[in-house]
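First the structure, in the form of structure tokens, and then the observations on it.
The values are calculated or read from the model by the stated rules, or taken from the named source; none is laboratory data. Every value quoted in this text rests on a predicted model; they were computed, and no experiment measured them. Note that each Cβ is placed from the backbone with ideal geometry, even for glycine, and that neighbours are counted across all protein chains shown.
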Amino acid sequence: MNQGDFIFRHAILRTVIIVAFAILVANLFHLTVVRHSFYQDQALENRQDRFRVRAPRGRIHDRDGNLLVANQYIADIIVPRKCLTPAGPDSTLGKLIEWFGLDRWETLDRLEQQSSRKDQLILVPDASPSRIFTVEERGRELPGVKVVTRSRRQYLFGPLFAHAIGYVGEIGRAALDSMETVYAQGDYIGKLGIEEAMEPLLRGSAGIKLEEVNAAGRIVGRKPVWVRDVVPGTDVEVTLSLRLQQRLAASIGDRPGCAVALDVRTGEVLAAYASPAFDPNVMGGSLTTVQWNALVEDPGKPLFNRITQATYPPASIFKTITSLAGLAGGHVTVNSSLDPCGGGWNYGGRYFRCHKREGHGWLDHTGAMMQSCDTFYYQLGMRLQVDELAAAARAFGLGSRVTSEFSDEVRGNVPDTDWYNKHVGKGKWSRGVLMNTSIGQGELLVTPIQMAVVAGRIASSGTMPDPTFVRSPTPVRRQPKPLPFRAEHLAWVREAMRRTVAEGTGRAARLKTVEVAGKTGTAQNPHGEDHAWFMCFAPASMPEVALAIVMENAGGGGSVAAPIAGDFLKAYFHEDEADSAAVPVEVPADLTVEAD
């Protein structure tokens, strides 16, 4: 090789080296300068994971500051959804089932029920420390398995406030699709009562943090980076009283029924209890199909909120409204005496019985109210028009929702001309329907909370606001329309109700130191025994509290419901020292009460 060839080859090699070096430098510049932000983000994604941190839910206190609902932190063992794919005993899920001693088929069925979850499934809710330790210790053998802490709702008094306060449950797929900007998969949401009504305040706002993780997804960094802070839910104070709620529940016992007590001056719900009830603590966990079906199929209907959803004929407690309609229309006066009661009344070839088969004889209007004489009210009802009586009922809130917190509240039914034309047929019904409606039977249907409102509005001459279950944050109080009745007529009804307890069918509700005004009722039930009603307020002269009670399939209102009211009022007015004890309620031995 001559010297010229050597120089040529050397130049070519040098050029190749220079070009290659230039390419390397250019690529390095492109990676470190031009694409710096992109690759920095990629690197962060590789070593940091984004976590959504749920906010602790707001607590719930009663009107006296007693804590009713709190939060308890627990740990769930989470597995990825891919664990459900067919695999042998060495699979991740197989190992966990074996180590934890779980029933394989029951576990698979429970995981399959979590169909709304896209990625992660709860294998073990509220895991024990030993199971948590197993997952942490053998994490390398369990790819994708995590221990995740969460806040669980803790209802400190179990079933006591179940229907009024409600419970929380995991948000469903349909609700999540419509509210995914606020909620995420696995979040819990209020399902009933105050938990549902105050959801926007109680839920708080979830936070977002970045954590450094290793290849197995385990957190290894020392300090997280918060993208968005957690905002805890707002505490709520309800109007309910723990002391009064306990007394009301003790008085009702395990018998099916419901009672609602209101503050006449403010409309605040002091106590609201329905029996049978359920334990809301089990609703936030992973209920099995068997457990859920047991609740749903229970003949006592423990999930049914009788406070606002159950409807009953109001029976004779509706006679207060019939009287006011008759007085307002000039059909009777407070001193009117109609045909005497001989145990019933004939109309249209049919004999309508009074609850007292031997009859009440001659009674004036006040006496008819005190003794709850059906015969008097049959005659008064036939003097009214259907729409006249319906208008009087609606003036008290019957036939409409009376609360703002319960979205599932039913309206009941107040039949008028349009209703009968639609459901019976125009020209196919007669004014004879007033025979039943005037004594609170027939197609007329009300809820317990509506009748508590009727008692409160009579006591306050119509000024009591609509019921509210929330005390703080301060609710907007809905003021009622003025009642279309004269003040002297409302005063007469109050006096007649006072005498009903002092001398008439409501004597089982009498107190030693406070005068009570009330009205009894016994609603006919085509499916079984009669329902017992009682509504009242006290003190009769300066009312503070109004109460409505219905006991299903229990018999007479005077003998069953009135004693419960008396027992509750003893606690309210501190007439005895054992106002928080479970005291059996009985009619005094020396007291005889008629069926109504």
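Kindly establish whether ALA271 is outside any loop (DSSP other than H, G, I, E, B), over 15 Å from the mean Cα position of the chain (by Cα), touching a residue at least 24 places away in the same chain (Cβ under 8 Å) and in the same structural domain as GLN479 (by TED's automatic domain parsing). No. With a requirement of 3 or more residues that are more than 30 Å from ARG203 (Cβ to Cβ), more than 46 Å from the chain's Cα centre (by Cα) and modelled with pLDDT under 80, the helices (runs of 4 or more DSSP H) lying completely within segment 1-110 that satisfy it span 3-29, 36-47. Filter segment 566-585 for residues that are modelled with pLDDT of 95 or more and touching a Ser or Thr at 6+ places or on another chain (Cβ under 8 Å); which is surrounded by the most Cβ atoms within 10 Å (Cβ to Cβ)? Step by step, filter segment 566-585, then rank; the result is PHE568. Checking ARG471, ARG499 one by one, the residue that is in the same structural domain as ILE252 (by TED's automatic domain parsing) and over 26 Å from the mean Cα position of the chain (by Cα) is ARG499 and no other. Filtering segment 468-487 for residues that are touching a helix residue (DSSP H, G or I) at 6+ places or on another chain (Cβ under 9 Å), under 17 Å from TRP533 (Cβ atoms) and touching a residue at least 40 places away in the same chain (Cβ under 8 Å) leaves an empty set.
Screening THR320, THR288, THR311 for residues that are modelled with pLDDT under 95 and hydroxyl-bearing (Ser, Thr, Tyr) leaves exactly one candidate, THR288. The lone criterion from (1) assigned to a loop (DSSP other than H, G, I, E, B); (2) at pLDDT 95 or above left unmet by CYS258 is number (1). Determine, yes or no, whether SER407 is modelled with pLDDT under 95, on the phi < 0 side of the Ramachandran plot, touching a strand residue (DSSP E or B) at 6+ places or on another chain (Cβ under 6 Å) and surrounded by fewer than 16 Cβ atoms within 10 Å (Cβ to Cβ). So SER407 fails the test.
In segment 454-461 there is no residue that is buried (at least 22 other Cβ atoms within 10 Å of the Cβ), in contact with a Lys or Arg (Cβ under 6 Å, 6 or more places away or on another chain) and not in a loop (DSSP other than H, G, I, E, B). Residues considered: GLU529, GLU503, GLU552. Of these, the only one that is surrounded by fewer than 20 Cβ atoms within 10 Å (Cβ to Cβ) and either in contact (Cβ under 8 Å) with a residue 40 or more places away in the chain or within 30 Å of GLU237 (Cβ to Cβ) (or both) is GLU503. Restricting attention to segment 310-364, the residues that are free of Cβ contacts under 8 Å to residues at least 12 places away in the same chain and either of a type in the set (S, T, N, Q) or within 25 Å of VAL260 (Cβ to Cβ) (or both) total 1.
Scanning segment 343-395 for residues being of a type in the set (Asp, Glu), surrounded by fewer than 24 Cβ atoms within 10 Å (Cβ to Cβ) and within 24 Å of VAL516 (Cβ to Cβ) gives a total of 1.
This table checks each residue for (1) assigned to a helix (DSSP H, G or I); (2) touching a residue at least 40 places away in the same chain (Cβ under 8 Å).
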{"site": "PHE376", "(1), (2)": "yes, no"}
{"site": "GLU388", "(1), (2)": "yes, yes"}
{"site": "ALA391", "(1), (2)": "yes, yes"}
{"site": "PHE406", "(1), (2)": "no, yes"}
{"site": "HIS423", "(1), (2)": "yes, no"}
{"site": "GLY427", "(1), (2)": "no, no"}
{"site": "MET451", "(1), (2)": "yes, yes"}
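Regarding segment 144-165, can at least one residue be identified that is surrounded by fewer than 16 Cβ atoms within 10 Å (Cβ to Cβ), of a type outside the set (Phe, Trp, Tyr) and without any contact (Cβ under 8 Å) to a residue 40 or more places away in the chain? No, every residue in segment 144-165 fails to be surrounded by fewer than 16 Cβ atoms within 10 Å (Cβ to Cβ), of a type outside the set (Phe, Trp, Tyr) and without any contact (Cβ under 8 Å) to a residue 40 or more places away in the chain.
If I ask for residues that are of a type in the set (Asp, Glu) and in contact with a helix residue (DSSP H, G or I) (Cβ under 7 Å, 6 or more places away or on another chain), which ones from segment 403-421 would you list? Step through it out loud before you land on a result.
Within segment 403-421, the first condition is being of a type in the set (Asp, Glu), and the residues that meet it are 405, 408-409, 416, 418.
Within segment 403-421, GLU405, ASP416 qualify.
Being over 30 Å from VAL470 (Cα atoms), in a helix (DSSP H, G or I), touching a helix residue (DSSP H, G or I) at 6+ places or on another chain (Cβ under 7 Å) and hydroxyl-bearing (Ser, Thr, Tyr), is that true of even one residue in segment 113-123? Checking segment 113-123: not a single residue is over 30 Å from VAL470 (Cα atoms), in a helix (DSSP H, G or I), touching a helix residue (DSSP H, G or I) at 6+ places or on another chain (Cβ under 7 Å) and hydroxyl-bearing (Ser, Thr, Tyr). Scanning segment 334-370 for residues that are assigned to a helix (DSSP H, G or I) and of a type in the set (D, E, K, R) yields a total of 0. In segment 508-526, the residue that is nearest to ASP263 (Cα to Cα) out of those that are crowded, with 23+ Cβ neighbours inside 10 Å and not small (Gly, Ala, Ser) is VAL516.
Here segment 257-303 is the region considered, the condition is being farther than 22 Å from PRO313 by Cα and charged (D, E, K, R), and the residue that is surrounded by the most Cβ atoms within 10 Å (Cβ to Cβ) is GLU268. Residues in segment 532-549 that are farther than 16 Å from GLU503 by Cβ and surrounded by fewer than 24 Cβ atoms within 10 Å (Cβ to Cβ): PRO539, SER541, MET542, PRO543, GLU544. For segment 410-428, the candidate set comprises residues that are among the β-branched types (Val, Ile, Thr) and surrounded by 14 or more Cβ atoms within 10 Å (Cβ to Cβ); within that set, the residue that is farthest from ALA393 (Cα to Cα) is VAL424.
Candidates are the residues of segment 291-308 that are among the polar types (S, T, N, Q) and modelled with pLDDT of 95 or more; the one that is farthest from ILE74 (Cα to Cα) is THR308.
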